[in-house]
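One structure is given below, encoded as structure tokens.
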Amino acid sequence: MLIRDATRLAAVFAILFFQFSALVFAAPAKVETYNELVHAIREVRAASQERVEQAIAQEKVREAWETGKLIDEHVLRYQERAGYDQQVLVRLAQDLGTSKTELYYMLEFARAYPIFPHAGKLSWSEYRELLVVKGSEKRNSLAERAEKENWSRSRLREEIRNATKGGKAAPAEVLTAQPGIPGTYRVLKATVGEYKGELVLDLGFSNFFKSEGRLDFREGDIVAVSRDSKGGYKLSAIDSGPEALFTYRADVVEVIDGDTLKVSIPLGFGFTTVQKLRLRGLDAPEIESAEGKEAKAFVESVIANPAGAKQSTLIRTVKSDKYDRYLADVWIDSQYLNQALLDEGLAVQVNE
């Protein structure tokens with residue numbers, strides 16, 4: 001995510017040290033009562049957290065600018081090759097596991113700001129928004145006003161729309177996904193365990209079910225499960241491909257951050273599993289940053305149940321990522337959550 005290695009982490013702490021070293025030896029606040037002491041410590045904690053978030057945000061801005069600068073310097077060496085810059089962005093997106101769009105923004109950022117914009121208050125996502133504005137004078141004017149007046153993201157977007165009449169710096173990031181059919185399973189032959197060599201149903205998340213009777217299906221069949229008149233389970237083969245599988249109705253237990261959820265998933269046949277899922281195809285900022293908190297709050301607002309309303313959460317899972325987390329597409333009352341985060345500028349698209 002944001003801080004990817006020890007070098008990046010060291011850079012953040014270096015920023016904190018040089019920015020606030022003068023405060024280290026400052027005289028502590030004078031307190032007399034215990035309540036004043038608690039209040040003073042809480043104020044110190046809040047101020048410290050704000051400085052940390054600002055430092056992290058500025059490191060992300062620097063990372064974006066330096067990345068864009070490297071790309072720009074490289075493509076300039078081969079500018080005689082028609083379309084070479086686009087070819088490089090495609091290859092980099094594949095090799096770095098990020099999106100072409102995000103790299104495009106970084107390249108345009110470095111071109112728009114030949115000199116790194118030092119010590120600003122704007123985040124990387126806000127600079128991305130500003131890239132829509134053509135002309136450095138108009139762009140810098142908006143940036144200065146946004147910093148001075150402490151604009152919210154929505155206010156900045158509104159001012160940009162007024163200045164550009166809805167222009168866009170790059171094509172929108174779009175994910176493609178459709179839910180499958182809940183209660184649908186693949187028949188396979190167990191390779192380990194008590195039922196090794198027998199046909200079982202793959203419930204997902206490395207869980208398998210063996211019915212009491214013989215499964216009258218072939219290995220590889222896809223079956224749907226329903227309840228019969230006696231309350232038992234009825235299995236029937238359906239004419240569908242693997243796109244129907246691994247879709248579940250679920251309950252969100254916790255929003256961990258902008259792209260990670262803890263969910264309770266009924267697998268069927270009375271079995272339930274609790275899993276930590278990462279939203280497929282995107283990367284939200286680190287939760288320690290202000291942007292990360294904003295992304296988390298957005299997800300919580302989408303998932304939150306309005307008073308008296310009953311929401312439906314549908315998930316479709318795919319392969320585990322490199323951290324052994326299952327990836328998921330999530331729909332809340334038919335709203336595709338993964339895409340909503342991208343649309344709001346609260347996450348960037350990545351290649352899984």
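The values are calculated or read from the model by the stated rules, or taken from the named source; none is laboratory data. Because the structure is a prediction, the values reported are computed rather than measured. Quick reminder, even Gly has a Cβ in these numbers, built from the backbone with ideal geometry, and neighbours come from all protein chains shown.
Step by step: first the residues of segment 187-201, then only those that are in a loop (DSSP other than H, G, I, E, B) and either outside the structural domain of ASP221 (by TED's automatic domain parsing) or over 36 Å from the mean Cα position of the chain (by Cα) (or both), then the one that is farthest from LEU215 (Cα to Cα). Which residue is that? Break it down into steps so the answer makes sense when it comes.
Filtering segment 187-201 down to residues in a loop (DSSP other than H, G, I, E, B) leaves 190-198.
The next check asks that each one be either outside the structural domain of ASP221 (by TED's automatic domain parsing) or over 36 Å from the mean Cα position of the chain (by Cα) (or both); those that pass are 193-198.
Working: GLY193: 18, GLU194: 16, TYR195: 13, LYS196: 14, GLY197: 13, GLU198: 9 Å.
Taking the candidates together, the pick is GLY193.
Somewhere in segment 220-234, is a residue more than 30 Å from ARG51 (Cα to Cα), outside any strand (DSSP E or B), at pLDDT below 95 and of a type in the set (Ser, Thr, Tyr)?
Yes; the residues of segment 220-234 include at least one that is more than 30 Å from ARG51 (Cα to Cα), outside any strand (DSSP E or B), at pLDDT below 95 and of a type in the set (Ser, Thr, Tyr).
Which of (1) at pLDDT below 85; (2) part of a helix (DSSP H, G or I); (3) loosely packed, with under 14 Cβ neighbours inside 10 Å is the odd one out, the single condition ALA119 does not satisfy?
All conditions pass for ALA119, except number (2).
Among (1) farther than 27 Å from GLY97 by Cα; (2) at pLDDT 95 or above, where does PHE246 come up short?
All conditions pass for PHE246, except number (1).
Can you spot a residue in segment 302-311 that is modelled with pLDDT of 85 or more and surrounded by 21 or more Cβ atoms within 10 Å (Cβ to Cβ)?
no
If I filter segment 29-63 down to residues being more than 17 Å from GLY120 (Cβ to Cβ) and of a type in the set (Gly, Ala, Ser), which single residue comes out as surrounded by the fewest Cβ atoms within 10 Å (Cβ to Cβ)?
Per the criteria, the residue is ALA46.
Going by the structure shown, is LEU201 modelled with pLDDT under 90, surrounded by 14 or more Cβ atoms within 10 Å (Cβ to Cβ) and hydrophobic (A, V, I, L, M, F, W, C)? Talk me through it step by step, then tell me what you get.
Details: modelled with pLDDT under 90: no; surrounded by 14 or more Cβ atoms within 10 Å (Cβ to Cβ): yes; hydrophobic (A, V, I, L, M, F, W, C): yes.
The answer is no for LEU201.
So, in segment 72-130, of the ones that are farther than 22 Å from ALA295 by Cα and of a type in the set (Asp, Glu), which residue ends up nearest to the chain's Cα centre (by Cα)?
Taking the candidates together, the pick is ASP95.
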